[in-house]
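Colleague: Pasting a structure here, questions to come.
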Amino acid sequence: MTRTALVTGATSGIGRATAIELAKKGYQIIAAGRREERLEELKDIITDVPVYTMAFDVRDKVAIEEAIDSLPEAWRQIEVLVNNAGNAHGLSAIQDGDVDDWDAMLDINVKGLLYVSRAVLPLMLKHGKGHIVNIGSIAGKEVYANGNVYCASKFAVDALSKGMRLDLIKEGIKVSEVNPGLVETEFSEVRFKGDKDRAATVYQGYQALQAQDVAELISFIVTRPPHVNLAEVLILPAAQASATTVVKE
Ligand code: NDP
Ligand code: 8X3
C-alpha cells in the first residue's frame, strides 16, 4: 500500500518543499493550506504520486475535522503528519504588541497544531503506527527581544512535542521536532505584513537556509528505520550560532 503523508502549510516555504520532497520518496501527499490555487499548483508539480488537497484554516477545528472525516478510504492511513503551518505576526516590544497578532500566533502555531493532530491521531492509532513531525523553531529554544509571543508559541510547540512523544510512545507513534533557524521563505513577509523590502533584509549578508534544506531533513527523519527516532533537531545556517548571533558580511 502506498504510504501517505499529510503536510500542513504546503502552499509555501518549508511545507511546500517538504510535500515535494516526500513525494520523491514515494509518499502520496495530502497537502493542506488556505490558498487553494497554490494547492492546485502542487498537483502540477507532483506528478509521480497522487496529491489530495485540503483547504482549511488551522484555526477552524470544525473544518479540520470535516476535512479529515471526509478523506476517501485510499487516503485514510496517514503515516506521516508534518505540522508545519505557522507564522510570526509582528515583531514588537510586549508593551506595543498587537493583540490580534498575539491571537493569530497562538491560535495558528499552537492550537492549530493541536487541532490537526487531534483529528489525525485516531487514524494513526487505528493502524498502530505513525510519525508526527512538529516544526518548532530556534525561537522555541531561545527568546529574543521583541519575539515575545512568537517565541512563546514555539516554546509551546517544544513542550507539546515532548508531551506528545511521552503520550504516544506506547501507541507506536513517533514524534519528532524540527527546530530551524533562519530560513528564507515567505515567513518574514508575513511577519512584516507584506513589507517585502524589510523582509528581504532578514536574509541579506549571509546564506540563509532554504526551504529545501529543511525539507530534506524532514524527509531523512521520516525515512529512518522503525527503531530510530530523531526526536529533536536544530538546523541552522552555517552563519548562525544562536537566535541572535548571525555573522553577516
Ligand atoms: P511561509 O510563510 O513560507 O509558510 C507558512 C505556511 O503556513 C503557508 O503554507 C501558509 O499557508 C500556512 N499557514 C499560515 N497560517 C495558516 C492558517 N491559519 N491555516 C492554515 N495554514 C496556514 O513560512 P515558513 O515555510 O518559513 O514557515 C513554516 C513553519 O516553519 C512555521 O511553523 C514557522 O513558524 C516555522 N519556522 C520558520 C522559520 C523561518 O525562518 N522561515 C524558522 C523556524 C521555524 P496559507 O497561507 O496558504 O494558509
Ligand atoms: C523563525 C526564526 O529567528 O525569526 O522561527 O524566530 S526566527
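Colleague: Please state which one of Glu40, Glu21 is of a type in the set (D, E, K, R), part of a helix (DSSP H, G or I) and surrounded by fewer than 18 Cβ atoms within 10 Å (Cβ to Cβ).
Modeller: Exactly one of Glu40, Glu21 is of a type in the set (D, E, K, R), part of a helix (DSSP H, G or I) and surrounded by fewer than 18 Cβ atoms within 10 Å (Cβ to Cβ), namely Glu40.
Colleague: Hey, another quick one. Would you be able to tell me the number of residues in region 92-118 that are free of Cβ contacts under 8 Å to residues at least 40 places away in the same chain, assigned to a helix (DSSP H, G or I) and more than 27 Å from Ile132 (Cβ to Cβ)?
Modeller: Result for region 92-118: 4.
Colleague: Applying the selection to region 187-217, what residues are in contact with a Gly (Cβ under 9 Å, 6 or more places away or on another chain) and within 12 Å of ligand 2 (Cβ to nearest atom)?
Modeller: If the condition is that a residue be in contact with a Gly (Cβ under 9 Å, 6 or more places away or on another chain) and within 12 Å of ligand 2 (Cβ to nearest atom), then Phe187, Arg191, Phe192, Ala208, Leu209, Val214 are the ones that fit.
Colleague: Could you please let me know if Gly15 is touching a residue at least 60 places away in the same chain (Cβ under 8 Å), near ligand 1 (Cβ under 9 Å from one of its atoms) and out of contact with any helix residue (DSSP H, G or I) (no Cβ under 7 Å at 6 or more places or on another chain)?
Modeller: yes
Colleague: Additional query: Part of a loop (DSSP other than H, G, I, E, B) and out of contact with any strand residue (DSSP E or B) (no Cβ under 9 Å at 6 or more places or on another chain): is that true of Ala88 in this structure?
Modeller: Yes: the conditions hold for Ala88.
Colleague: Could you check region 107-143 and list, in sequence order, the residues that are more than 10 Å from ligand 1 (Cβ to nearest atom), under 21 Å from Leu230 (Cβ atoms) and either out of contact with any Gly (no Cβ under 9 Å at 6 or more places or on another chain) or of a type in the set (D, E, K, R) (or both)?
Modeller: Ser117, Lys129, His131, Ile132, Val133, Lys141, Glu142
Colleague: Let me ask another. Name the one entry in Glu232, Glu249, Glu216 that is touching a residue at least 24 places away in the same chain (Cβ under 8 Å) and within 19 Å of Ser161 (Cβ to Cβ).
Modeller: Answer to the selection: Glu232.
Colleague: Also, I was wondering about something else. Give the residue that is nearest to Thr11 (Cα to Cα), with candidates limited to residues of region 200-214 that are more than 10 Å from ligand 1 (Cβ to nearest atom) and small (Gly, Ala, Ser).
Modeller: Among residues in region 200-214 that are more than 10 Å from ligand 1 (Cβ to nearest atom) and small (Gly, Ala, Ser), the one nearest to Thr11 (Cα to Cα) is Ala200.
Colleague: May I pose another question? Of all residues being within 19 Å of Tyr115 (Cβ to Cβ) and without any contact (Cβ under 8 Å) to a residue 24 or more places away in the chain in region 163-184, which is farthest from ligand 1 (Cβ to nearest atom)? Just the residue, please.
Modeller: Asp167
Colleague: Taking region 139-186, which residues are in contact with a His (Cβ under 9 Å, 6 or more places away or on another chain) and within 15 Å of ligand 2 (Cβ to nearest atom)?
Modeller: Answer for region 139-186, where residues must be in contact with a His (Cβ under 9 Å, 6 or more places away or on another chain) and within 15 Å of ligand 2 (Cβ to nearest atom): Val149, Tyr150.
Colleague: Listed residues Lys111, Lys61; which is over 14 Å from the mean Cα position of the chain (by Cα) and of a type in the set (Lys, Arg)?
Modeller: None of the other options fit; the residue is Lys61.
Colleague: Further question on the same structure: Please work out if Ala32 is buried (at least 24 other Cβ atoms within 10 Å of the Cβ), in a loop (DSSP other than H, G, I, E, B), under 18 Å from the mean Cα position of the chain (by Cα) and away from ligand 2 (no atom under 16 Å from the Cβ).
Modeller: The answer is no for Ala32.
Colleague: Counting only residues that are under 30 Å from Glu171 (Cβ atoms) and more than 15 Å from the chain's Cα centre (by Cα), how many does region 190-230 have?
Modeller: Here the count works out to 9.
Colleague: Of the residues that sit in region 218-239 and are within 16 Å of ligand 2 (Cβ to nearest atom), outside any helix (DSSP H, G or I) and aliphatic (A, V, I, L, M), which one is surrounded by the most Cβ atoms within 10 Å (Cβ to Cβ)?
Modeller: The residue in question is Leu236.
No lab work stands behind these numbers, since they all come straight from the coordinates. Since we're looking at a predicted model, the values are computed, not measured. Cβ atoms come from the backbone with ideal geometry, glycine included; neighbour counts cover every protein chain shown.
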